Each structure stands twice: as structure tokens, then as C-alpha cells.
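Before any comments, here is the structure.
Coordinate-derived values only; no laboratory data. The model shown is predicted, which means the values in this text are computed figures rather than measured ones. FYI the Cβ positions are ideal-geometry reconstructions off the backbone, even for glycines, and counts take in every protein chain you see.
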Amino acid sequence: MVIIRLARHGCKKKPFYKIVVADTRFPRNGRFIEKIGYFNPIKSKKKNNIFINIKKLKYWKKIGVKITSRIKYLINKIKEEKL
């Protein structure tokens, strides 16, 4: 099964997440199919803390990829900022 999820990077107590399309059989920070964005929770006050490539997201959703709840939350957050 293929899923869109967060992969944790960065150093201790300074997380940085990549939004990736990956197979569920592989570890969280392991092999992935494609990187479609990033999330930096440390830069929460600034607008550039979340980026998701919408074209790639729509492509993978059309194929039928499962999306984690945290990614759904981030997508909704981006939609709210645009309004």
C-alpha cells in the first residue's frame, strides 16, 4: 500500500519534516517514491513553514493513495492561509 506521510529530518529538538509518498512496508525515514513538499514546525510564525506541490498531490490522490491525518491537517491549514 502506498501512503503520503511525514519523514522526520533535522537534528535533536529541531525537527524538519519532508512530505513524501512512500510504501508502508518501508521505515518512516527510509526509502520513498517521491518527495512532494516539506513542513518546518519551528518556523510556525512565518508563512513559508509548509510547502506542498499541489499538482503532485492531486496526481497521487487520483491514483488512490492513502493520506495520513497529519497531512490532511496541513492541507487544510494551507487552504485557510490562502483565504
With θ set to phi - 60°, apply the Karplus curve 6.51 cos²θ - 1.76 cosθ + 1.60 along segment 27-43 and write out the HN-Hα couplings as whole Hz, x wherever there is a Gly or Pro.
x, 3, 9, x, 5, 9, 8, 7, 8, 10, x, 8, 9, 10, x, 5, 8
Apply the Karplus curve 6.51 cos²θ - 1.76 cosθ + 1.60, θ = phi - 60°, to the phi angles in segment 63-72 and return the couplings in whole Hz, x for Gly and Pro.
5, x, 6, 7, 10, 6, 5, 5, 5, 4
With the crude spin-label approximation of a point 7 Å out along Cα→Cβ, what separation in nm comes out for LYS43 versus ARG31?
3.1
Each label sits 7 Å from Cα toward the beta-carbon; between LYS13 and GLU80 the label points are separated, in nm, by 2.8
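With both partners inside the chain, how many of the DSSP beta bridges are antiparallel, as a percent to the nearest 5?
Details: 18 of 20 bridges.
The antiparallel fraction comes to roughly 90 percent.
Treating the beta-carbon of each Lys and Arg as +1 and of each Asp and Glu as -1, no other charges, what is the dipole magnitude of segment 2-82 about its Cα centre, to the nearest 20 debye? Walk me through the numbers before you get to the answer.
Working: 25 positive and 4 negative charges, 43 e Å.
In debye, rounded to 20, segment 2-82 gives about 200.
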Compute the relative contact order of the chain as a whole-number percentage, counting only Cα pairs closer than 8 Å that sit 6 or more residues apart in sequence.
27
If Rh is defined by the Kirkwood formula over all Cα pairs and Rg also comes from Cα, what ratio Rg/Rh do you get for the chain?
0.96
